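The values are calculated or read from the model by the stated rules, or taken from the named source; none is laboratory data. These figures come from a predicted structure and were not determined experimentally. Here Cβ is always computed from backbone atoms with ideal geometry, including for glycine, and neighbour counts include all displayed protein chains.
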């Protein structure tokens, strides 16, 4: 009991700026770095920047989904509907555009609006009807899957326009960097916006909701609105991911299969606490990139693609176990010299 | 104090801290076979912690524990049990849908031919019940059908079945109805006759004088005295328990000239929990709200803050009638509430000192006022939080520092009316004093403070006026410096009759 925060704060504000990582962020950055080194060693394509740019382009939809999923998880929920939402977005776009270039803009807006609407419904049912988000979004996933199946009879019809597909596969000439895929630019814009949002008051309040809802409510916060916002953002970003995937992977009724779990794995890998209250959005995106890099690496090493889901399963369990055990262990190690006990003080 | 031949447990110099807050500083205690040894002290004196050290729940940071002359170190409650020490906790640990015998032997059922030997279980349980002279309970009774007092007996039998020779009892009468207390007394006396050593933790004076052979008094985690009960009077005991310390000095009260306009006024306000509340709190004064647990003190706080709003009557802020239906409205009107449950609904524990301090601003305000943060060091300096830095998560702070962060988050929105519910619960003496001074300082700056506290000395020491609640309504108002007796007389509803006596 020697230092006062007032003093400590002043010292920190002084010249010694150092990057500060959110709790639990460091491991994913180490993992990502190792994977990128692994890629550089293994694959000849990763000798130059274009290889990494291609990786980033492939990873962009998952990273965007992970950013959306992050908002929901950090505020204490789950969004299982995003995979089905991606499928629905692609199928709807293909059917409505049906090769007609002039319909592109309208349909893009419509898909975004659809994602927003689905998020709104998820959020309203969760906050107003008090159904756990796990159940709400699981139900939404089934509803969307069923609706897509009913509407397409299992085989999606129509085709996307070239304009629509540009977002997912096209690129643009950027000074200094050369050809940069549109999807990478969109990803970066979203990532920067999300990071800034999470530094602001609303973002911090969102994390606090995941940590202690009652405390936020008794501080005058609008808990329901904050959670609703998280679902809306998740739905909207899932629609963006759908637009990129439609262009990149083409039209199918399976395009979004399993993406919800992949996004959750990515977020957890990024050190975000399941149940909410801790984690950084940049780390969640880094988790998604790590996952994509890992699959690429396994592919290069000749490991069967069939193993992907097994690997993903191991990762999600290991990451949660690490957060539960490892995190506690680190804290204990760090605190032992100063404190006598990690038990909560008696009230 | 030389240990007698029958000394079963000897504690010497026991120290224990939680997250840097010392709770026990070098406590000594001897426990003899066949004695009831009471441990007394105020809330937070360290009674329960001492008991938990004995039970192996907490490991002492320093000092020694000896059982029957051998030094022991318990890694957990099981070790203590093996050494013959058992604790009867305030909360019962019985499975309600099983029988008495099944509960007594839970997890240690006697086995015969690969089967649970029910007959032996029942017979052994009956033997123990007989030994205690409890003939009202059958080993085959289902626990759910027993009274609370009988369940307590089962707990004790369960402890005895592990060959416990030392029993710790933590506030054993807390859950009992008045007529059941006598039954417990009998039981304790019988246990004593049979040579069991009993450590009896309580803060009820009468019980301790009725039952105990010796009394050890703790204060703020320190050993004060240990004496045979018959050599002590209740006045002695109170003097030992209250002692003289920092807590006795409170900041100067408001002078008549310090008082400003009425900030908060209730006129006939009420809801499901409270009724007919009419009072005012002026700028510059601290009004104490006293009452027993459940008298509606906290309900008033929650209603003023819009958590469970008033449904009748009028609430005025600065002379204007307002409808405060939710906390957000209250915050925007300049009302702040420091809740009694700091960890449950006061702080987001995994967030940093900084994020918690700015939480109210960010959550309840809009625009530039919500974004302001340049005054953060000043806010934290004002409450003198001790932390590694503003980015440390608040769960790692001591209770006192956590409470200071709660106060800082409200100072960040410069409230006009501050309602504090148990503002010093579970924090150490130094932090208590800091909180007291801060509250008085806020009052001097024109904040109207409504303070709830179960600690009467604190409430009386801090308040410029005291409102006493009884059974959901105001029982009366007392001036600054009223006696504890006067407050209790109103709070217990005995009113004048008691006050005269």
Fill in the blank from the handout: Restricting the stretch B:36-57 to residues that are touching a strand residue (DSSP E or B) at 6+ places or on another chain (Cβ under 6 Å) and in a loop (DSSP other than H, G, I, E, B), the one farthest from residue B:220 (Cα to Cα) turns out to be B:55
Fill in the blank from the handout: Checking A:96, A:129, A:138 in turn, the sole residue that is free of Cβ contacts under 8 Å to residues at least 24 places away in the same chain, farther than 22 Å from residue A:203 by Cα and surrounded by fewer than 18 Cβ atoms within 10 Å (Cβ to Cβ) turns out to be A:129
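Out of A:192, A:180, A:207, which single residue is under 20 Å from the mean Cα position of the chain (by Cα) and in contact (Cβ under 8 Å) with a residue 60 or more places away in the chain?
Being under 20 Å from the mean Cα position of the chain (by Cα) and in contact (Cβ under 8 Å) with a residue 60 or more places away in the chain holds for just one of A:192, A:180, A:207, which is A:207.
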Practice task
Would you mind stating whether residue A:220 is within 17 Å of the chain's Cα centre (by Cα), within 14 Å of chain B (Cβ to nearest Cβ), on the phi > 0 side of the Ramachandran plot and surrounded by 24 or more Cβ atoms within 10 Å (Cβ to Cβ)?
Solution key: no
Exercise for the section: Just need a number here: residues in the stretch B:265-316 that are over 15 Å from residue B:477 (Cβ atoms) and part of a strand (DSSP E or B). Expected result: 9
Practice task
Mind listing whichever residues of the stretch A:256-276 are surrounded by 24 or more Cβ atoms within 10 Å (Cβ to Cβ) and outside any helix (DSSP H, G or I)?
Solution key: A:256, A:270, A:271, A:272, A:276
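This table checks each residue for (1) buried (at least 20 other Cβ atoms within 10 Å of the Cβ); (2) more than 10 Å from chain A (Cβ to nearest Cβ).
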| residue | (1), (2) |
| --- | --- |
| B:358 | yes, no |
| B:376 | yes, no |
| B:380 | yes, no |
| B:390 | yes, no |
| B:415 | yes, yes |
| B:446 | no, yes |
Practice task
Filter the stretch B:325-348 down to residues that are surrounded by 21 or more Cβ atoms within 10 Å (Cβ to Cβ) and at the interface with chain A (Cβ under 9 Å from one of its Cβ atoms), then give me how many there are.
Solution key: 9
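Can we say residue B:134 is part of a loop (DSSP other than H, G, I, E, B) and over 25 Å from residue B:172 (Cα atoms)?
Details: part of a loop (DSSP other than H, G, I, E, B): yes; over 25 Å from residue B:172 (Cα atoms): no.
When the stated conditions are applied, residue B:134 does not pass them.
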Problem - Qualifying position, being within 29 Å of residue A:25 (Cα to Cα) and either modelled with pLDDT of 90 or more or touching a helix residue (DSSP H, G or I) at 6+ places or on another chain (Cβ under 8 Å) (or both), among A:129, A:112, A:191, A:120 - result: A:191
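Listed here are the residues, each with its yes/no results for (1) within 14 Å of chain A (Cβ to nearest Cβ); (2) over 23 Å from residue B:443 (Cα atoms); (3) at pLDDT below 95.
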position: B:272; (1), (2), (3): no, yes, yes
position: B:276; (1), (2), (3): no, yes, yes
position: B:284; (1), (2), (3): no, no, yes
position: B:296; (1), (2), (3): no, yes, yes
position: B:307; (1), (2), (3): yes, yes, yes
position: B:313; (1), (2), (3): no, yes, yes
position: B:319; (1), (2), (3): no, no, yes
position: B:323; (1), (2), (3): no, yes, yes
Handout entry: Residue within the stretch B:361-371 that is more than 8 Å from every other protein chain (Cβ to nearest Cβ) and within 20 Å of residue B:21 (Cα to Cα) present
Key = no
